[in-house]
Amino acid sequence: MSMSTLELARHLEMLDESPEKMMFGKLLTELSGMSEDRIQRAARQVPISGLRELVHQFNKIIEERRGERVQELAQEIADDGISVEELRQYLTQRNA
């Protein structure tokens with residue numbers, strides 16, 4: 001029985017830090033460094049439903065990572081002794 005790419009990706013997602021998951025991460029990293037043309041040619045071989053699922057999953061991860069980064073920045077700012085109000089004032093002045 002063969003697995004679709006999406007089924008394989010879901011299976012690898014369920015594995016925590018297995019070699020397969022690490023390889024999948026390396027594959028995605030390599031893919032991110034490829035040219036736009038090469039990515040588009042490869043994407044044309046994937047059914048639209050699969051592309052939509054990939055986009056959905058990537059958007060979820062982007063939002064999670066963005067939230068993590070905001071928390072990191074907030075902690076760094078707090079550690080530097082800058083209050084929320086000071087930051088708000090700075091941003092307001094900068095955008096005025």
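The values are calculated or read from the model by the stated rules, or taken from the named source; none is laboratory data. It should be emphasised that the depicted structure is a prediction, and the values quoted were computed from it without experimental measurement. Note that we place each Cβ from the backbone using ideal geometry, even for glycine, and neighbour counts take in every protein chain shown.
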Might you let me know whether the range 5-16 holds any residue that is assigned to a helix (DSSP H, G or I), at pLDDT below 90 and farther than 17 Å from Glu53 by Cα? no
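Got a sec? Which of Glu63, Glu36, Glu76 is farther than 30 Å from Ser4 by Cα and out of contact with any Leu (no Cβ under 9 Å at 6 or more places or on another chain)? Steps first, answer last, please.
Values: Glu63 fails: farther than 30 Å from Ser4 by Cα; Glu36 fails: farther than 30 Å from Ser4 by Cα.
Result: Glu76 is the single residue among Glu63, Glu36, Glu76 that is farther than 30 Å from Ser4 by Cα and out of contact with any Leu (no Cβ under 9 Å at 6 or more places or on another chain).
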Looking at Ile77, Ile62, Ile48, can you tell me which residue is modelled with pLDDT of 90 or more, exposed (fewer than 10 other Cβ atoms within 10 Å of the Cβ) and among the hydrophobic types (A, V, I, L, M, F, W, C)? Ile48
